[in-house]
Amino acid sequence: MINFEEELKKFHPSLEIEDAEEMIYNQDLDDMADVLVRLLKDAGTGESDRHQTVRPDSRTPRN
């Protein structure tokens with residue numbers, strides 16, 4: 001039978017996992033709330049005009 005107490009004593013976390021975890025947590029990624037706040041700020045200041053969408057068929061900006 002497996003002795004879980006003994007197995008836990010033998011456990012050593014992988015250094016690669018710890019390094020990956022550190023890199024993931026240290027990244028400053030935008031989530032949907034950040035994107036929404038930025039869009040609302042752009043819309044309020046009129047900066048959204050510089051982010052024009054281009055129609056794939058005509059290659060002219062859509063307003």
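Derivation of every value follows stated rules applied to the coordinates shown; laboratory data play no part. What you see is a predicted model, and the numbers here were worked out from it, not measured in a lab. Every residue, glycine among them, receives a Cβ derived from its backbone with ideal geometry; neighbour counts consider all protein chains shown.
A few points about this structure:
- Highest-first packing order for the peptide set 31-43, 9-21 is 31-43, 9-21, based on the mean count of other beta carbon atoms within 10 Å.
- From phi via Karplus (6.51, -1.76, 1.60), per-residue ³J(HN,Hα) for region 33-43 in Hz, x at Gly/Pro: 5, 5, 5, 5, 4, 5, 5, 5, 5, 4, 5
- The slack between ALA43 and ASP31, meaning 0.36 nm per residue of separation minus the straight C-alpha distance, is 2.5 nm.
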